[in-house]
Amino acid sequence: MQLRSHAPSGATLLISLLALPQLTSAFYLPGVAPTSYKQDDAVPLYVNAIRPVGDADSVLHSVLSWDYYHPTFQFCAPEGGGQPVGESLGSILFGDRIKTSAFELKMKHNETCKKQCEVTYGKNAAQFINQQIQEGVSLNWLVDGLPAGQKTIDVLSNTEFTNPGFLLGEQLDDGRIKFNNHYDIVIEYHEVNGNNGQYRVVGVIVQPESRKYTGEIGPDTCNTAPDIVELSETGDTKVRFTYSVYWIESTTAWATRWDKYLHVYDPKIQWFSLINSSVIVIFLVLTVMSVLVRALKKDIARYNRLDQINLDDLSGTSVLEDGVQEDSGWKLVHGDVFRNPSHPLLLSVFLGNGTQLFVMAGFTIAFALLGFLSPSNRGSLGTIMVLLYTVLGFVGGYTSARMYKSLHGEKWKLNIILTPLLVPGIVFAVFFLLDLFLWAEESSGAVPFTTMLVLIFIWFLISVPLSFAGSWLAFRAPAIEPPVRTNQIPRQIPPVTTYLKPIPSMLLVGLLPFGAIFVELYFIMTSIWFSRIYYMFGFLFLCYGLMIITCAAVTVLLVYFLLCAENYNWQWRAFLAAGTSGGYIFLNALIYWVTKLSLSGFAGSVLYIGYSALISFLFFILTGTIGYFASWLFVRKIYSSIKID
């Protein structure tokens, strides 16, 4: 999708924001500097985890990934076995398991039908591999940091792009299952300008083939083996692995070599969704502003006139211009609106962690939008999220303690302890339990025990002390005083209409923020579960902004209606109503599970539902915090604008 054409001046900023992810591909940060090779220099080919990408009908049957050198696959390994390659924390958490390989690549040196090794597959191994082929797993290689892939044509936009990874095998129309044992590796390179004899890799294409060899393997053998390899599930099958290497000079610049991987599936849907969400948000915000500003101005003016008349009228009776003889509406609850909610400790802990998530998400999307999280730096997204959340522990601790003190909480020591431990503890516990399923299935997606220790180390040695420091500063600061006094005796709350009851109001309020990100959420989930590269952070940035505005607007509107109905218990109602968006995300994940996935094993279903529930829980805290603080600012603003006797 090209966004560099001329556009009307009114849309220039929007177009520029959406184009930033593509414009920023023209430069790279230190740490991903280009590597130059001389002719016949060794170019390493690394292998990564074997991942499911779905079958021919784009249906995913498994979420489990496997180590490339899993004993069942018996792929050819280098002498001494495949050695792990250094990876970032985010790369490990997202399931990368990069290792050295037995492939020998030399710059500009073609190889034809080179033999690797010969292995024998038993019937149990054949059954397992054939099942993986039917479920659509793919092999993932890396050459000079570029994922090896296959050229694909998007039928909707009629554009050609490179899809990372290539299939382990394929089920033919006649029902036979072929196993790929030969690889044509096509590597594109270009010569460095002004530096003769120096070359850089700018593209990697792998065309897997199934070749059943019967005699000696020579340079022409790969083209004369007509039969395919079928792994027998009743006996042993001998398979010989071969590969060919072809170097092709290309005009692609090194700085734009990732462009062929960054493909947008049906961009018209994203544009339509963004425009549709923008129109809805603008309409919603204008409606909220018109209703609230008009109503509040009228209410505040009437209440202030009433106070002035009461001061002038010593007899205590007066008649207003509009016939109202006493307060009505939201001013009636001015003595209760800042009454402490139930469970203030839990609410403040959630608000602290929600603020931490809010700032982390904003910084992460901004960094990605500006090109700092290049896909060439594997795992950078996950790494920056972990590090930001760790450093922002100070913000979470400060916010939680500040709000708890304003709610007149007395268990301040428990607040300091629970803020950095409760929500991260729940996330870590669920993550660890799901990891046990991966360990039980011998999946490479299981996070190593040493990485778990690193996470605990980061958590307790950096995040927890920073949270404690933020809480200590917040408790030393003066409390945030409400603009009106709170009565000693609580006011009785009258019955409310149906749409203001807890469940209906939560369902209504949570739906609109979810609608603002629904389409973009589909692309993100497809990217996660189908192992595709997601890079449209311009769309994500705008959708995140629209979600924040929508969440704040609808929650403020709900709180206004509650106060007009003389219901002053708005704190938890605002948090839970806005947080219901997380419930819609989980419901959407379940629908996605039914329609797009066909997971064959119990472990895969547990993993999918578990990770979806974890994401929904964090989103619940994030949106709940946005709704609460928007309502908190709104309530403080309106009650500071009226005169109270």
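For the peptides 95-105, 113-123, what is the packing order when you average, over each peptide's residues, the other Cβ atoms within 10 Å and list the highest mean first?
Descending packing order for the listed peptides: 95-105, 113-123.
Given N residues in segment 450-592, what is Rg(Cα) / (2.2 N^0.38 Å)? Present the calculation step by step, with values, prior to reporting the outcome.
Working: Rg = 20.5 Å, N = 143, 2.2 N^0.38 = 14.5 Å.
For segment 450-592, the normalised Cα radius of gyration is 1.42.
Determine one quarter of the surface area of the Cα convex hull of segment 162-266, which equals its mean projected area, and express it in nm² to one decimal.
10.1 nm²
Enter the accessible area per residue of segment 486-561 (Å², integer; probe 1.4 Å; all protein chains in place).
Numbers: 3500 Å² over 76 residues.
In whole numbers, segment 486-561 has 46 Å² accessible per residue.
In square angstrom, what is the accessible area per residue of segment 374-427 with a 1.4 angstrom probe?
It amounts to 44 Å² per residue over segment 374-427.
Evaluate E = 1/(1 + (r/R0)^6) for Asp41 and Phe272, where r is the Cβ-Cβ distance and R0 equals 60 Å; express this FRET efficiency to the nearest 0.05.
0.80
Using just the alpha carbons, could you tell me how many Å³ per residue the convex hull of the chain encloses? Don't skip to the answer; put the middle values down first.
Details: hull volume 124.0 nm³, N = 645.
So the per-residue hull volume is 192 Å³.
Kindly point out, ordered by number, any Cys in the chain whose beta-carbon has no other cysteine beta-carbon under 4.7 Å away.
So, Cys543, Cys551, Cys564.
What is the P(r) of segment 566-645, as percent of Cα-Cα pairs per 5 Å bin from 0?
3, 14, 17, 16, 12, 10, 8, 7, 5, 4, 2, 1, 1, 0
Carbon and sulfur atoms: what percent of the 1.4 Å accessible area of segment 392-498 do they account for?
70 percent
Please give the FRET efficiency for Leu433 paired with Thr234, using the beta carbon to beta carbon distance and R0 = 51 Å, rounded to the nearest 0.05.
0.85
Please find the FRET efficiency linking Val594 to Glu160, where r is the Cβ-Cβ separation and R0 is fixed at 45 Å, and quote it to the nearest 0.05. Write out the running numbers ahead of the final one.
Values: r = 33 Å, r/R0 = 0.72.
Result of the calculation: an efficiency of 0.85.
When the accessible area of segment 222-264 is split by element with a 1.4 Å probe, what percent falls to carbon and sulfur?
47 percent
Okay, helix-only estimate at 222 nm for the chain: each DSSP H run of n ≥ 4 adds -39500 (n - 2.57), divide by all residues, round to 500 deg cm²/dmol; what do you get?
-16000 deg cm²/dmol
Beta carbons within 10 angstrom, averaged per residue: use that to sort the peptides 438-444, 132-138, highest first.
Packing proxy ranking, top to bottom: 132-138, 438-444.
Please report, in Å, the Rg and the Dmax of segment 153-218, where both are computed over Cα atoms only.
Both quantities, over Cα of segment 153-218: 17.5, 54 Å.
What nm distance separates the two modelled labels at Ala479 and Phe460, each placed 7 Å from Cα along Cα→Cβ?
3.5 nm
Quick check for me: using +1 on Lys/Arg Cβ and -1 on Asp/Glu Cβ, what's the dipole size of the chain about its Cα centre, in debye to the nearest 20?
Computed about the Cα centre, the dipole is about 1860 debye.
For the pairs Lys106/Lys178; Lys405/Lys637; Lys114/Lys238; Lys114/Lys178, note any where the Cα-Cα span goes beyond 25 Å.
Over 25 Å Cα-Cα: Lys106/Lys178.
Amide H to amide H, which residues 5 or more places from Lys106 or on other chains are under 5 Å from it, using H placed in the peptide plane?
Amide H to amide H, under 5 Å and 5 or more residues apart or across chains, Lys106 pairs with Val43.
Quick one: Cα centre-to-centre distance for segment 345-371 and segment 382-457, in angstrom?
That distance is 13 Å.
What are the lysines whose alpha-carbon lies under 30 Å from the alpha-carbon of Lys108, with same-chain residues fewer than 8 places away excluded?
Lys38, Lys99, Lys151, Lys212, Lys260
With a 1.4 Å probe and every protein chain left in place, work out the accessible area per residue of segment 569-645 in Å², rounded to a whole number.
Per residue, segment 569-645 has 37 Å² of solvent-accessible surface.
Roughly how many percent of the accessible protein surface of segment 126-185 is carbon and sulfur, given a 1.4 Å probe and a whole-percent answer? Let's see the in-between values first.
Details: 1020 of 2320 Å².
Taking all protein chains in place, segment 126-185 shows 44 percent carbon and sulfur surface.
Quick one, could you list the DSSP H helices from the chain stretching 24 Å or more along their long axis (Cα atoms) with average Kyte-Doolittle hydropathy of -1.0 or above? Don't skip to the answer; put the middle values down first.
On the way: long enough: 267-312 (66 Å, 0.63); 344-369 (37 Å, 1.62); 412-440 (41 Å, 1.87); 502-529 (35 Å, 1.64); 537-564 (40 Å, 2.41); 571-596 (38 Å, 0.55); 602-639 (54 Å, 1.35).
Passing helices, by number: 267-312, 344-369, 412-440, 502-529, 537-564, 571-596, 602-639.
The values are calculated or read from the model by the stated rules, or taken from the named source; none is laboratory data. All values derive from a computational prediction rather than experimental measurement. Positions of Cβ are backbone-derived with ideal geometry, glycine not excepted, and every protein chain shown enters the neighbour counts. The accessibility values were calculated without ligands, DNA or RNA, using every heavy atom of the protein model including side chains. Shrake-Rupley method; radii C 1.70, N 1.55, O 1.52, S 1.80 Å.
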